[in-house]
Structures are given as structure tokens and as C-alpha cells.
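A.B. asks: Quick one: this structure, given as C-alpha cells, is what I'll be asking you about.
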Amino acid sequence: MSENKKTGVIGFPVDHSVSPTIHNHWIDENQIDASCYEKINVDPEQFEEEVGRLKENGTYGLNVTVPLKELAFSFAEELTDVSKQTGAVNTLTFKEGKVYGDNTDVIGFQRSLDKKTIEENITNKKCLVLGAGGAARAVISALNNLNGEVHICNRTYEKAKQIQQDIQIKSEVIDQKDLGAAIYEMGFIVNTTSLGLGNTENTMVDFSQVSSQAFVYDLIYNPKLTKFLSEAKEKNMGYQNGIKMLIEQAAESFRTWHNVLPKNSNVLMNKLEGL
Ligand code: ATR
């Protein structure tokens, strides 16, 4: 019997999501028996009704994006340890009458990193996470898995403290006013804030104080080179944007639903660049 699985992404708004390009590319490439992966706007106020309706209509899997990841966490009946640790769900699966929740952002971030970067800049090195939102939680969990020494700095100090308490990972919180004194020791610096999107600038870090040996990562992938990353480029430092993480978290959700771990490729990257 044909399965013809229905999958898609929910968010509010979800119009700018590039997940359909990624998933539909892999559905074709791997000749998966599935419907076209769709974008669905879900109002947070009506989350339960709308997702409940999608479930009843035979949806098999949903990716969940901003601002619905915490609501998806509460909605899921069975949670993976990773989603429990981060308090967020980006992948819902409806099977055997149950709702399963997972967070593939963590493995997505880990797989986006080169072995060399992990060895030289993360493992047993001081790692600085800028921001304390949902994305920061996934990155903190991933860096801890890679034995990085996690430091968190956020505009709102209390939110960083809250993460430290919730996530139960050995970490230090740095007050933004003390960042200048601490930054030189950081081997890895990752921006998880929304600063750098649109016309906003990220001025949290003074690059004149950063070690040129540090690796700089920005979760933002559009624009490809944020001002933050261009400062690293100017200093000849290692850097990368969030496109690989986006693809790798999608790959893991795809594997959960279709039992195939799809590959990143130049063809896919070119498709995404053309959007
Ligand atoms: P996400 O789930 O994508 O991480 P979020 O939970 O809304 O999104 O978190 C956004 C992050 O960007 C927060 O760390 C936020 O800082 P606050 O906790 O102080 O709000 C950070 N951020 C957003 N705008 C900012 C700004 N203008 N300056 C500094 N940090 C900012």
C-alpha cells in the first residue's frame, strides 16, 4: 500500500521558510513516496486546534519554527532526551496515534561543524554563545556534547541565568559589560541572536579584542555574510554561517520520517542560493 506521507513546516509567519526547497529536493532525489512538503501558517493562539486538525487530516511529520517550538514541546506526548534538555521541539511526528517531539537543531549544529573546527576550537576550549533564546539552547546542548566549555552572554542577563538553571549543563554566564575582558580567551564564538537580520547590526563583540585563532559562527544564513562574519573575515579568522546547520537539522527530521539520511550537495546549495 502506498504511504504517500504528508509533511511540512509550521511557523508564524512561515512564508520565508526555505525548508520546502530542501525537503522536496530530497523527496525527489530519493524517490520517496510522499506528498509535496508544505508551508503552513499556524497562529500560536490556535496551535492545539490547528495542529490537531493537521494530525487528523493524516499529516505524518511537521517541522516547527519560530515562534512555535515551545508550544510544540508542550503538545508532544513523547519527547526525546534532547528536546527535554532544550525545552523545545522542532520536529513533530504523528504515528500510532501518538505525537512524538524531537529537537534536531542540536545534531544539526554538531554535524554542521568540520572535524578540524571541533578539535581546534571547541573540545576543551572556551566557547561563547551570544543570546539566550531557543536557538541558544540547542547550540549550548551541542557544544556541551562536543566537550566545549560553555559561556553564555545575553543582552538580558537574567535570561542567560534562566537557561543555565533549566538546561543543567556546566556553564558560565558572562555579564555583557564584562565581555570585553573575557573575550580574548574564547576559542569559539557563536551568534544565536537575531542581530544581523535585516538591517540590524551585531555590536555585541568588539573584534579588536578577539583572538585571531578563534572560530566565529553566525546562525543567520540570510544574508550569507553578516557584518559579524565579515569582521571575522577581515581578521582572517575561520568563520561560517547557518546554512549547513539548516540543512543538517532538516536531514535528521527527514531521516525520522522517511528512514533515509539524505545528503547535502552542491545541487541543493545552488538551489538555496537561487532563492
Ligand atoms: P530564537 O528562538 O530564534 O533564539 P528568541 O527566543 O526570540 O529567538 O531569542 C532572540 C535572542 O536574540 C535573545 O537572546 C535576545 O536577547 P534578549 O533575551 O535580551 O531579548 C536577542 N536579541 C534580539 N534583539 C536583540 C538586540 N537588539 N540586542 C541584543 N540582543 C538581542
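A.B. asks: Taking only pairs six or more apart or across chains, which ones have beta-carbon atoms under 8 Å, a first residue in segment 138-157 that is within 18 Å of residue 87 (Cα to Cα), and a second residue that is β-branched (Val, Ile, Thr) and near the ligand (Cβ under 9 Å from one of its atoms)?
C.D. replies: From segment 138-157, the pairs are 139/192.
A.B. asks: Residues being buried (at least 19 other Cβ atoms within 10 Å of the Cβ), within 12 Å of the ligand (Cβ to nearest atom) and not hydroxyl-bearing (Ser, Thr, Tyr): count how many of those fall in segment 191-217.
C.D. replies: Step one: list which residues in segment 191-217 are buried (at least 19 other Cβ atoms within 10 Å of the Cβ), which gives 191-193, 195-196, 202, 204-205, 210, 214-217.
The next check asks that each one be within 12 Å of the ligand (Cβ to nearest atom); those that pass are 191-193, 195-196, 202, 204-205.
If we keep only those that are not hydroxyl-bearing (Ser, Thr, Tyr) too, we end up with 191, 195-196, 202, 204-205.
Of the residues in that region, 6 qualify.
A.B. asks: I've got another one for you. So, in segment 248-275, how many residues would count as being crowded, with 18+ Cβ neighbours inside 10 Å and of a type in the set (Gly, Ala, Ser)?
C.D. replies: Result for segment 248-275: 3.
A.B. asks: With the requirement that a residue be assigned to a strand (DSSP E or B), within 16 Å of the ligand (Cβ to nearest atom) and touching a residue at least 60 places away in the same chain (Cβ under 8 Å), what does segment 58-104 give you?
C.D. replies: 63, 91
A.B. asks: Being at pLDDT below 95, part of a loop (DSSP other than H, G, I, E, B) and within 16 Å of the ligand (Cβ to nearest atom) is the requirement here; does residue 14 meet it?
C.D. replies: Numbers: at pLDDT below 95: no; part of a loop (DSSP other than H, G, I, E, B): yes; within 16 Å of the ligand (Cβ to nearest atom): yes.
It is false that residue 14 is at pLDDT below 95, part of a loop (DSSP other than H, G, I, E, B) and within 16 Å of the ligand (Cβ to nearest atom).
A.B. asks: Quick one: residue 132 ticks every box in (1) away from the ligand (no atom under 14 Å from the Cβ); (2) assigned to a loop (DSSP other than H, G, I, E, B); (3) of a type in the set (Gly, Ala, Ser) bar one, so which box is it?
C.D. replies: (1)
A.B. asks: Here are some residues: 271, 233. Which one is over 30 Å from residue 96 (Cβ atoms), at pLDDT 95 or above and of a type outside the set (Ser, Thr, Tyr)?
C.D. replies: Numbers: 271 fails: at pLDDT 95 or above.
Only one candidate qualifies: 233.
A.B. asks: From the list 118, 107, 152, 169, pick out the single residue that is more than 12 Å from the ligand (Cβ to nearest atom) and not in a helix (DSSP H, G or I).
C.D. replies: Working: 118 fails: not in a helix (DSSP H, G or I); 107 fails: not in a helix (DSSP H, G or I); 152 fails: more than 12 Å from the ligand (Cβ to nearest atom).
Selected residue: 169, the only one of 118, 107, 152, 169 that is more than 12 Å from the ligand (Cβ to nearest atom) and not in a helix (DSSP H, G or I).
A.B. asks: What are the residues in segment 20-57 that are touching a Phe, Trp or Tyr at 6+ places or on another chain (Cβ under 8 Å), surrounded by fewer than 15 Cβ atoms within 10 Å (Cβ to Cβ) and either among the acidic types (Asp, Glu) or part of a helix (DSSP H, G or I) (or both), if any?
C.D. replies: 43, 44, 48
The values are calculated or read from the model by the stated rules, or taken from the named source; none is laboratory data. Keep in mind the model is a prediction, meaning the values are calculated, not measured. Reconstructed Cβ throughout: ideal geometry from the backbone, glycine too, with neighbour counts over all protein chains shown.
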